[in-house]
1. Could you compute the FRET efficiency for GLU483 and ASP407, with r as their C-beta to C-beta distance and R0 at 41 Å, rounded to 0.05?
2. Check the straight Cα-Cα distances from LYS541 and name the lysines below 24 Å, setting aside those fewer than 8 residues away within the same chain.
3. What GluC sites (Glu not before Pro) does region 489-580 have in DSSP loop regions with at most 12 other beta carbons within 10 Å?
4. What does the extension gain come out to for ALA216 and LEU126, with contour length at 0.36 nm per residue minus their alpha carbon separation?
5. So if I take the centroid of the Cα atoms in region 615-635 and the same for region 302-360, what is the distance between those two points in Å?
6. For region 420-526, state which trypsin sites (Lys or Arg not before Pro) are in a DSSP loop and have at most 10 other beta carbons lying within 10 Å of their beta carbon.
7. Once phi is turned into θ = phi - 60°, what whole-Hz ³J(HN,Hα) does the Karplus curve with 6.51, -1.76 and 1.60 give for every residue of region 582-593, x standing for Gly and Pro?
8. Using only the Cα atoms, what convex hull volume per residue in Å³ does region 17-193 have?
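Laboratory data are not the source of any read-out in this text; all were calculated from the coordinates shown. Note that this is a predicted model, so its numbers are computed, not measured. In this analysis, Cβ positions are derived from the backbone assuming ideal geometry, glycine residues included, and neighbour counts consider all displayed protein chains.
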Amino acid sequence: MTENHRSPTDTCAPLLYNSRILEAFILLIRSRYSHVNINELLSYAGIKLYEVEDEGQWFTQEQINLFHKRLVQLTGNPNIARDAGRYAASPDSMGVMRKYVLGMLDLSTAYGMIQKTTANFTRSSLYESKKLAADRVEITVIPFEGVQEEPFQCENRIGFFEAIGKIMTNDFSRIEHDECLFKGGRCCRYTISWQKSYSVIWRRLRNLVSAPAVLAVAVALFFQPQLALSVLAPLTLILILTLSLIATWHEKRELQPKLDNIGVSAQELLDQVNLNYNNVLLSHEIGAIISSQTNIDSILDSLVRVLKKHLVYDRGLILLADPEKKQLHLGASFGYSAQQLALLGDIGFDLEKTSDGELFSHTFQNRKPYLINDIDKAEDKEIAQGLMFAKKLGVQSCICCPIICEDEPLGVLLVDHFKTKRPLVQNDLNLLMGIAPIIGVSIRNAERLENKAKQFNSTLQVLAASIESRDPYTAGHSEKVTEYSLGICQELGLHEEYQSMIRVAALLHDYGKIGVPDSILKKQGRLNREEYEIVKTHAAKTREILERINFEGIFKQVPMVAGAHHEKIDGSGYPSGLKGNQIPLGAKIIAVADFFEAITSQRHYRGPMPIQEAFQLLMEKKGIHFEEKLINALIEYLRKMGINGKTEFPGPVGSDEWALSTNCYPLREK
């Protein structure tokens, strides 16, 4: 009869027993009680199998009690606790207990170190060891205040103390249990004795034989020298050497398992050091990504590259929720085939309705991680039916963690194995639960920066539009100049941060026209000389106004770049008459873009210039007004955009620059 799942009632109970104590029970069950469902047994006690496999996991007294109670029911063996303690000595059980004992030089040392070593396995009791003889020790166990151990734990200790002798000498130690807590004693007192090892016995036999044999040879030398030298001395030497060889052979035989264990332990220690170092590098690289990148897509791509490099999982993916928190969509991944990625990219995992992706929605909505070591035997009934999509991807085992920032779920992080057989343990879950919040912080920061960028860009658009709205013929001029300026930047291969600065400067390059009267700015016909001089003041006013804005970083160049877009290489420009390299590169770029946009746009006093003529006019000004490489970059960009000398430019946009740039002052006809 199968009992229902139970879990500990006191969630605040102290964690007293390390998972390595249960390890011997699990190994024994697998060896002798194969009919027992280990997952069901552990579930009864509120324990997960991956927790038992994790050496850093601890359990409460109630969990251990429930585990033992159910185990006795399932096996029908009331002495299962002692048997589990003894099983630690089995060659089939290369558990941590056996490795610990094999690391000791002799039994006396192993029992003598019991007080120190038990602290790694239990926090329930104080263990004290006292040496009584070379082959005899006394161990007392006193539970700490508030701890209520059960009799089966005393039996388990006896079995383990017996197993220590078996591991070292191939015979169980003898245990005398004269005082027991569960029989009215103040403590549990164990007197442990053991048979000496064969190497010690043979060595003692050699020592016992050697003295009489040597004495006999000495006496024979006095009475029968010839007999002593020819027969007794050689026989004595052969006997002593034979006994020494036998003792040495046994000693080496006894030492070999210890040496093998030391090699295994050293390798395990090295593996752990490498793992810790790898995790430190992982944290460092994730921190570098957060501090150096602000775009969500680039952050996610960089994150999965780092996760793939440092984590030992077959695959991984990050799913992010949409703004309405209704669906999860693929953010980034590693290890998936093109077909699987196409499937992931086409699907939005519903966060409101039950679907194949229920594992993801449960993780997101419950803000709870899930570790599944066998997807076909999922222990958690809450999600057991919601693993269809994971099965479609061939997942065998996985960990799914919520990505949370400021108590708000943003998405989920999934790693899985589909070919690797290594079981996932609590340490894997702990590591990923440490990474997930960092991912959440980076995503939230990127979102905020993107929102600020959107606000900043919309402000720029409004500022630019506020000038152009005064004249319908110049509407959209700043946007076109910005487009051409960025096109030049792209052809030159300038980095994105510089292009962002150019974008701001190009959008605001004519902002100084806010100080030009409407009577001049909207005048029908050409301007006279005085009016033209007033229009020219907009460049200096642009710089003056923009310098009042607290730009940071590379954007500090915006006022100077925007204010110098009418400067010319030969020094004939305005407002400062700068020459050659005195003019910022950004200003030179905007100058070419502004000139081209102006001469190819409709004006109330003229029509647009044909594209071919505009190209020719630009080339005529190379080295005089504009840099040749910038002109070539613009022409190449326009060619790629499908705009060439045979195409008329669409749209009624522009400025006064067409007339101004040809050295014909736009003087109004008298």
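1. Working: r = 42 Å, r/R0 = 1.03.
Efficiency for this residue pair is about 0.45.
2. Here the lysines satisfying the reach criterion relative to LYS541 are LYS480, LYS513, LYS522, LYS523, LYS556, LYS568, LYS579, LYS588.
3. Values: sites: GLU491, GLU496, GLU497, GLU530, GLU531, GLU533, GLU544, GLU547, GLU552, GLU567; in loops: GLU547, GLU552, GLU567.
Filter output for region 489-580: GLU552.
4. Values: separation 90, 0.36 × 90 = 32.40 nm, distance 5.47 nm.
So the extension gain works out to 26.9 nm.
5. 49
6. Details: sites: LYS421, ARG444, ARG448, LYS452, LYS454, ARG470, LYS480, ARG503, LYS513, LYS522, LYS523, ARG526; in loops: LYS421, ARG470, LYS522, LYS523, ARG526.
Those satisfying the criteria are LYS421.
7. Whole-Hz 3J(HN,Hα) from phi for region 582-593: 5, 8, x, 4, x, 5, 5, 5, 5, 4, 5, 5.
8. Numbers: hull volume 19.3 nm³, N = 177.
Cα convex hull per residue, to the nearest whole number: 109 Å³.
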